[in-house]
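One structure below.
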Amino acid sequence: MATIDLGVGVLPEQEHSKQLRRAILASTVGTAIEWYDFFLYSTVTGLVFARMFFPQSEPLVGTLEAFAVYAVGFLARPIGAAIFGHYGDRIGRKSTLIATLLLMGIATFLVALVPTYDSIGIWGAVILTALRFIQGVGVGGEWGGSVLLSMEWARTTGHRGFIASWPQFGVPCGLFLANLAVLVFSWLSGDQFLTWGWRIPFLLSIVLVAVGLWIRLGIMETPIFSKLVAENKVERMPMLQVIRSQPKEILLCALLRMAEQAPFYIFTAFIFSYGVGTLKTSRDFLLVAVLSASLLAFFAIPLFGHISDLIGRKRMYMIGAATIGVYGFIYFGLLNTGSAALIFLAIILSLIPHNMMYGPQAALIAESFTGRLRYSGASLGYQLASVIAGGPAPLIAAWLFGRYGTAYAIAFYILACSVLSLIATALMTDYTGKDIEGEYE
């Protein structure tokens, strides 16, 4: 296990450990808040938006239209990655992360104020689309910075997988909070959920943003970026440079996420329209099931990040990709029994193969890029998957089910994503336990 030379302004061991804990806390809490905002929209899309913003469409068409607006957020994520990746490599991780948190929080708060179709017609959907785009830009810049804020405080090379997995922990935390908020206000509002109940969780996001800002304002810049500044190695145009020098890594990072991201949004977003519309399962039952799955992920994500430090990032990731390719068939088989117990089991287990990949994924992607281009390269590679995987996944799932009349068509789609990820991961370089501060060829 090698010790990393942190260069300029080396801190005493005790102070360094303190700053590492603060960086992990700031990354995890801030990321949880951002993903609360993003997943809140995902959850409400399947429950509310088709009926409130596209009421004149047939049920299937209205669902497709609602998920199309939902997908806009994913199309915006690479744009956010390009914008904030540039500034993250130019002015630092901390300042950029404060900006992403503000952007996401304000957009989410404003979603609560959008009038429905009955009030202003199609303009409600137009405003909703614009706010979803802004959400996507914000979350597009968040991931890379939060991962680097934690990982670049690591003193040794032997724990990067575990340390970088903590910002990933923010995803199930955000998912848990989003589903909990919708569940609570579903209970409180009852029959008025479609009228006002769904809006309250969006309004509450502004409080969470204030908490996140307070935490992030109190942290230091990472030692690795500070060293780059001191040695005058900050790249003038980092996004253009990483596209020129590491295009293979960017493409592979996007493709390896196919098996992780596409099934995740089927399991956590499409399940609401499928469960309520086809399985005739209650909204609250599905919310509790997804809530339980996200609780399990609290422990699984850092666990698999740690295991990747022991057996290698690539090996752990490929095990997860293969598992999820098989699980898609088990998942829909259990759902289609109609048994409440088996539906619950299918949902609660669905995120485990995802967590096998998501735990080591942050380090696997971030380690693939040289330090002066890391925010730009990692963000772009990670967020490009949103265009080809996460964004279209619920839309593709809804179309496949409508076209073929069987959910197993969706399982074959998940299997195809799994195969693509296995190939892409096999072509990656594994930097587990290696120095990542030299210049990459």
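Go through the range 334-387 residue by residue and tally those that are surrounded by fewer than 24 Cβ atoms within 10 Å (Cβ to Cβ), modelled with pLDDT of 90 or more and β-branched (Val, Ile, Thr).
Count: 4.
Among (1) open to solvent by less than 70 Å² (accessible area, probe 1.4 Å); (2) modelled with pLDDT of 90 or more; (3) not basic (Lys, Arg), there is one condition Leu183 misses while meeting the rest; what is its number?
Only one criterion is unmet by Leu183, namely (2).
Which one of the conditions (1) farther than 22 Å from Phe176 by Cβ; (2) open to solvent by less than 60 Å² (accessible area, probe 1.4 Å); (3) assigned to a helix (DSSP H, G or I) does Ile330 fail to meet, given that it meets all the rest?
Of (1) farther than 22 Å from Phe176 by Cβ; (2) open to solvent by less than 60 Å² (accessible area, probe 1.4 Å); (3) assigned to a helix (DSSP H, G or I), only one is false for Ile330: (2).
Of all residues in the range 114-135, how many are of a type in the set (Val, Ile, Thr) and open to solvent by less than 50 Å² (accessible area, probe 1.4 Å)?
Number of matching residues: 3.
For the range 218-231, state whether one or more residues are farther than 21 Å from Thr268 by Cβ and touching a Pro at 6+ places or on another chain (Cβ under 7 Å).
No, the range 218-231 contains no residue that is farther than 21 Å from Thr268 by Cβ and touching a Pro at 6+ places or on another chain (Cβ under 7 Å).
Residues that are over 28 Å from Gly333 (Cβ atoms) and hydroxyl-bearing (Ser, Thr, Tyr): does the range 218-240 have at least one?
yes
Just checking, does the range 233-244 include any residue being among the acidic types (Asp, Glu) and crowded, with 23+ Cβ neighbours inside 10 Å?
So far as the range 233-244 goes, no, none of its residues is among the acidic types (Asp, Glu) and crowded, with 23+ Cβ neighbours inside 10 Å.
Of the residues that sit in the range 398-422 and are small (Gly, Ala, Ser) and in a helix (DSSP H, G or I), which one is farthest from Glu260 (Cα to Cα)?
Gly402
For residues in the range 212-227 being hydrophobic (A, V, I, L, M, F, W, C) and surrounded by fewer than 14 Cβ atoms within 10 Å (Cβ to Cβ), which is nearest to Phe38 (Cα to Cα)?
Trp214
Might you let me know whether the range 118-131 holds any residue that is assigned to a helix (DSSP H, G or I) and under 17 Å from the mean Cα position of the chain (by Cα)?
No; the residues of the range 118-131 include none that is assigned to a helix (DSSP H, G or I) and under 17 Å from the mean Cα position of the chain (by Cα).
Is it the case that Leu113 is among the hydrophobic types (A, V, I, L, M, F, W, C) and outside any loop (DSSP other than H, G, I, E, B)?
Taking the combined requirement at face value, the residue does not satisfy it.
Name the pairs: first residue in the range 46-63 and under 17 Å from Gly124 (Cβ atoms) and outside any helix (DSSP H, G or I), second residue at pLDDT 70 or above and open to solvent by 40 Å² or more (accessible area, probe 1.4 Å), Cβ to Cβ under 8 Å, at least 6 apart or on different chains?
If the second residue must be at pLDDT 70 or above and open to solvent by 40 Å² or more (accessible area, probe 1.4 Å), the pairs left are Phe54/Val61; Phe54/Glu65; Phe54/Tyr117; Pro55/Tyr117; Pro55/Asp118; Gln56/Tyr117; Ser57/Glu65.
Within the range 256-275, is even one residue of a type outside the set (Phe, Trp, Tyr), out of contact with any Cys (no Cβ under 6 Å at 6 or more places or on another chain) and open to solvent by 40 Å² or more (accessible area, probe 1.4 Å)?
no
Can you name the condition, by its number, that Leu188 falls short on among (1) modelled with pLDDT of 85 or more; (2) of a type outside the set (Gly, Ala, Ser); (3) crowded, with 18+ Cβ neighbours inside 10 Å; (4) touching a Gly at 6+ places or on another chain (Cβ under 9 Å)?
(3)
The values are calculated or read from the model by the stated rules, or taken from the named source; none is laboratory data. Quick caveat, the model's predicted, so the values are computed rather than measured. Neighbour counts are summed over all protein chains in view; Cβ atoms, including those assigned to glycine, are modelled from backbone coordinates with ideal geometry. Ligands, DNA and RNA are excluded from the accessible area calculation, which covers all protein heavy atoms including side chains. Shrake-Rupley method; radii C 1.70, N 1.55, O 1.52, S 1.80 Å.
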